[in-house]
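The values are calculated or read from the model by the stated rules, or taken from the named source; none is laboratory data. Since the model is a prediction, treat every value here as computed from it, not as a measurement. Backbone-built Cβ (ideal geometry, glycine too); neighbour counts: all protein chains shown.
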Amino acid sequence: MLKLNRRSFLAASGALTATSLTGLARAAQGEARELKQLTLPPPIGRRERIQRIARAQALMQRNGIAAVLVESGPSLDYFTGIQWWRSERLTGVVIPATGEPIIVTPFFEQPSIAEQLGIPAEIRTWNEDQEPLKLVADFLAERHASAGRIGMEETNRFFLVDRLRRQMPRAAIVSANPVVRAVRMRKTAAELALMQAASDITIAAFRHAWPRVREGMTKDDIDAIIGAATRALGGGYDGGLVLVGEATAYPHGTRLVQRVARGSNVLFDCGCDVHGYQSDISRSFVWGADPSVEQRKVWDQMARGQQIAMKAARLGAPAGSVDDAVRAAYTDWGYGPGYKLPGLSHRTGHGIGMEGHEPVNLVHGETTELAPGMCFSNEPGIYLPGKFGIRLEDCFHMTAAGPRYFSEPPRSIDQPI
């Protein structure tokens, strides 16, 4: 459930605080440094990025889109290798339906952009007193696309759309989803290998942290242990979500103080980054005591929910049908109906790849058909407000033979990791 690049959200939700770690947590962090880094696959290379451009151009030609503009963010990294922050100054790529792309960036950023550029592309620069969207318009005029359909990547900010319209009044500004989203949704073997490595690291970090949880620890203590282990194993870590007690009944937790006590329900929801690709895994367990009858029942039902989702994830099936199958079973068991509580108040799963949350989702009404290379989380949690919640989350990818997990779900509440 939890997406990476999440620090501002976690601070708002209370998952990151200024409290100091307990001595036990600091000791466990020290033990994590002794973990051996896993062998990681290589990062995405030049050849793969060129192939991505070619796939995008084929889709542009099929959909009658003359060019696509992608500004800073994951999609810019995906196509060009350029990792850049968003500001009021445009840095982006213009991909034409044929021929090489161009990079548009401020003049003073050109050296930094050039050292990151991972595809054949001309870098066109603009000075502070110039309009960068005119560079885009001039390039498209060279490609006889001034009156064509220009695709905007779905996260591009409105000021880019507005200012490009002023420069190209005869052009039609359209969504680039039939191109960018379609290409990014279908992962290649190289991408899947990186996601598998990220999942392996997160599971190994959980294995390290789980037996080191102690009475009185806070969620921050536990997250620090998981983070230290993740980094030692070779993954990038930007903070996870750890919930204790009643907080587990609320998918993104609460600001209330949470300390581990005997019989506490504990939830890990964490992931990591390997060369830009993400994992996202959740585990729920009871600390220091045998689970109650109700805790065991809900845990077992949620585990069955994951199994129902995997059975429903068939090639060609609408993504929303996976969510529908789980929700139908939960209704039969007395939860819901629909998104009502107690029950499952969020979607069954989300897309994942370079971002912790990507299109499309396993959610009611989603008609996109499942196809090889698509990747999703499987996390149909069950939440009992005022009591506790159980969330198990494992990501999978679609293959020609059906869905395949990156991480295997746990067998029981007694063996949660």
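If you take the residues in the range 260-302 that are assigned to a strand (DSSP E or B) and out of contact with any helix residue (DSSP H, G or I) (no Cβ under 8 Å at 6 or more places or on another chain), which one is farthest from HIS350 (Cα to Cα)?
The extreme case among them is TRP287.
Just checking, does the range 330-343 include any residue being in the same structural domain as PRO291 (by TED's automatic domain parsing), part of a strand (DSSP E or B) and on the phi > 0 side of the Ramachandran plot?
yes
Whether any residue in the range 288-303 is within 20 Å of the chain's Cα centre (by Cα) and either more than 30 Å from THR367 (Cα to Cα) or surrounded by fewer than 24 Cβ atoms within 10 Å (Cβ to Cβ) (or both) is what I want to check.
no
Yes or no: GLY373 at pLDDT 95 or above, under 17 Å from the mean Cα position of the chain (by Cα) and in the same structural domain as VAL244 (by TED's automatic domain parsing)?
yes
Checking ASP269 against (1) more than 26 Å from the chain's Cα centre (by Cα); (2) buried (at least 24 other Cβ atoms within 10 Å of the Cβ); (3) not aromatic (Phe, Trp, Tyr), only one condition comes out false. Which one?
Exception for ASP269: condition (1).
Look through the range 225-266, keep the residues that are touching a strand residue (DSSP E or B) at 6+ places or on another chain (Cβ under 8 Å), of a type in the set (Val, Ile, Thr) and modelled with pLDDT of 95 or more, and return whichever of them is surrounded by the fewest Cβ atoms within 10 Å (Cβ to Cβ).
VAL260
Quickly run through the range 212-224 and pick out the residues that are in a helix (DSSP H, G or I) and either closer than 14 Å to LEU267 by Cα or among the acidic types (Asp, Glu) (or both).
LYS219, ASP220, ASP221, ILE222, ASP223
Name the single residue, out of those in the range 366-388 being part of a strand (DSSP E or B) and of a type in the set (A, V, I, L, M), that is surrounded by the most Cβ atoms within 10 Å (Cβ to Cβ).
Among residues in the range 366-388 that are part of a strand (DSSP E or B) and of a type in the set (A, V, I, L, M), the one surrounded by the most Cβ atoms within 10 Å (Cβ to Cβ) is ILE382.
On the given criteria, is GLU191 in contact with a strand residue (DSSP E or B) (Cβ under 9 Å, 6 or more places away or on another chain) and closer than 21 Å to ALA66 by Cβ?
No; evaluated as a whole, the condition is false for this residue.
Could you tell me which of the residues THR248, THR230, THR202 is free of Cβ contacts under 8 Å to residues at least 60 places away in the same chain, within 30 Å of LEU21 (Cβ to Cβ) and not in a loop (DSSP other than H, G, I, E, B)?
Criteria check complete, one pass: THR230.
Among residues belonging to the range 116-159 that are free of Cβ contacts under 8 Å to residues at least 40 places away in the same chain, in a loop (DSSP other than H, G, I, E, B) and among the polar types (S, T, N, Q), point out the one that is surrounded by the fewest Cβ atoms within 10 Å (Cβ to Cβ).
Only one residue tops the list, namely ASN127.
Report, ordered by the first and then the second residue, all pairs with beta carbons closer than 7 Å, sequence separation of six or more or different chains, a first member in the range 258-270 that is assigned by TED's automatic domain parsing to the domain that holds ARG214, and a second member that is among the acidic types (Asp, Glu) and buried (at least 24 other Cβ atoms within 10 Å of the Cβ).
ASP269/GLU393
Among all residue pairs at least 6 apart or on different chains, which show Cβ distances below 6 Å where the first residue, located in the range 386-400, is on the phi > 0 side of the Ramachandran plot and the second is at pLDDT 95 or above and not in a strand (DSSP E or B)?
From the range 386-400, no pairs qualify.
Inside the range 344-359, can you point out the residues that are in a strand (DSSP E or B) and crowded, with 22+ Cβ neighbours inside 10 Å?
Passing the criteria: GLY349, HIS350, GLY351.
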